[in-house]
1. Starting at the first residue of the stretch 260-277, write each ³J(HN,Hα) from the Karplus equation 6.51 cos²θ - 1.76 cosθ + 1.60 with θ = phi - 60°, in whole Hz, x for Gly and Pro.
2. So, for the stretch 146-244, what is the accessible surface per residue at a probe of 1.4 Å, expressed in square angstrom?
3. Which pairs in the list K172/K362; K192/K362; K234/K255 are over 31 Å apart, alpha-carbon to alpha-carbon?
4. On the full set of protein chains, 1.4 Å probe, figure out the accessible area of D17 and give it in Å² to the nearest 10.
5. Ignoring any ligand, DNA or RNA, what whole percent of the accessible area of the stretch 66-210 comes from carbon and sulfur when the probe is 1.4 angstrom?
6. Which whole-number percent gives the relative contact order of the stretch 141-279, counting Cα pairs below 8 Å spaced six or more residues apart?
7. Highest mean first, how do 73-79, 34-40 rank when packing is the count of other Cβ atoms within 10 Å averaged over residues?
8. What percentage of the solvent-accessible surface of the stretch 220-392, computed with a 1.4 Å probe over protein heavy atoms, is contributed by carbon and sulfur atoms?
Amino acid sequence: MTFKDLGIALPILKAIDEQGYTNPTPIQEQAIPILLNHKDLLGVAQTGTGKTAAFSIPIIHHLHTNEQHTQGKKRIKALIVTPTRELAIQIGENFTAYSKHTNIRNTVIFGGVKQQRQVNAMRPGVDALIATPGRLLDLMNQGIISLRDVQYVVLDEADQMLDMGFIHDIKKIIAKLPPKRQSLFFSATMPKDIVTLSRKILGDFERVTIQPKQATAEKVEQGIYFVSKLNKPKLLIHLIEENPEASVLVFSRTKHGANKIVKKLAQADINSAAIHGNKSQTARQKALGAFKEGKLNVLVATDIAARGIDVEDLSLVVNYDLPNVPETYVHRIGRTGRASASGIALSFCDKEERAYLRDIEKLIKQEVPRMPEHQFVDDGDSQTESEEEKQHQKPRSSSRPKSRHGSSNFRGKNNRNTNKPRPKKRD
Ligand code: AMP
């Protein structure tokens, strides 16, 4: 199937072609006809599947084909609500790319920055607004934004929005939407409260489910290292040094953990940055921008900050901690091996995380390939982190590494080739 077969307007087809998309992804193939047919949609899918285009393209198509009937200043006819600033910006970029040969205008609003610039951007009138819930509600309460004319609404990453405590904001936003509208609801997982929320927003809907398996199995090479907590930093440093050209996204379960990883890498003269909820919006954007442009090779992120981050040519995802929610593993490794690329996802598993690994393997219905023996094996977890920290507080010797490759920080430096970070393929 091609995009042309789906009956999308020509200026949009041209933009899709310029993006280099040759064929629709499975979610696009299924969702676009439903949406062009004005039906509501429940999409059970995660980022990395081509979900953004699946909802943006039909909305742009509708806005574009109805445009000649609208007069005067543009009003917000499409609203896309998404949990994080990063996702909002990314959706805005995609929306702009797909609509570049039309007159459809969009803008993005999110919290954590002064509102004035966002308000100014909306002043001439926009057709589509991409927003995080808090800032949207804030501007609605100030009378700056009205949802009166909204005809298309998308709730994106609904499970993440609930996790982040946006439920009340979402309910207030839904209450202000006109009853006659097309509603789209996307969530990677469907626990009970998400089903309840979806009922509040959707009318007569069709459901499209894209199984996580599709995102993991074929495109992403996975591998697992059994490694003690203590040796995780050494193994990470080793992997990065072995792949100096790779752009590496490292996942940490906690904000504190992310900061600690950045510190450890700095001690080995590896430049990295952390993005998480405690970082300012400017710091997050700066780090993400540098990473996307290839100026920064290593980004350390928590799940919430990284969800949906779309970085072209991301070659390696490292799960420094295994997530305790197995679906999160799928989201994380989906950051690499995006729609048209292939990637590698390596995970570190210490003794306490073995149960998490079992849950993950149950979910993805496959065994994560075991990586070959490496020099950081210390499965006894013999030293605790606090003991290790005590050691770090001791005065340092003058033999600190001067360059990444001059590092003598860890054992087995002469033994580099024994530990290539490529998972062994299993049949
Ligand atoms: P998303 O799931 O919306 O975050 O999209 C994941 C990535 O897939 C983005 O980099 C998109 O630009 C890309 N993408 C979306 N649709 C297609 C397609 N039909 N062909 C190739 N790449 C695509």
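1. 5, 4, 4, 5, 4, 5, 4, 5, 9, 6, 9, 7, 8, 9, 10, 10, 6, x
2. Accessible surface, normalised per residue, equals 42 Å².
3. Checking Cα-Cα distances, K172/K362 exceed 31 Å.
4. Per-residue accessible area (D17): approximately 110 Å².
5. After summing per-atom areas, the C and S share lands at 48 percent.
6. With pairs under 8 Å counted, the relative contact order is 17 percent.
7. On the way: 73-79: 19.4, 34-40: 17.4.
Ranking the peptides 73-79, 34-40 by packing returns 73-79, 34-40.
8. Percent of accessible area from carbon and sulfur atoms in the stretch 220-392: 49.
The values are calculated or read from the model by the stated rules, or taken from the named source; none is laboratory data. This structure is a prediction, so every number in the text was calculated from the model and none was measured. Cβ: placed from backbone, ideal geometry, glycine included. Neighbour counts: every protein chain shown. SASA here: full protein model, heavy atoms, side chains in, ligands and nucleic acids out. Shrake-Rupley method; radii C 1.70, N 1.55, O 1.52, S 1.80 Å.
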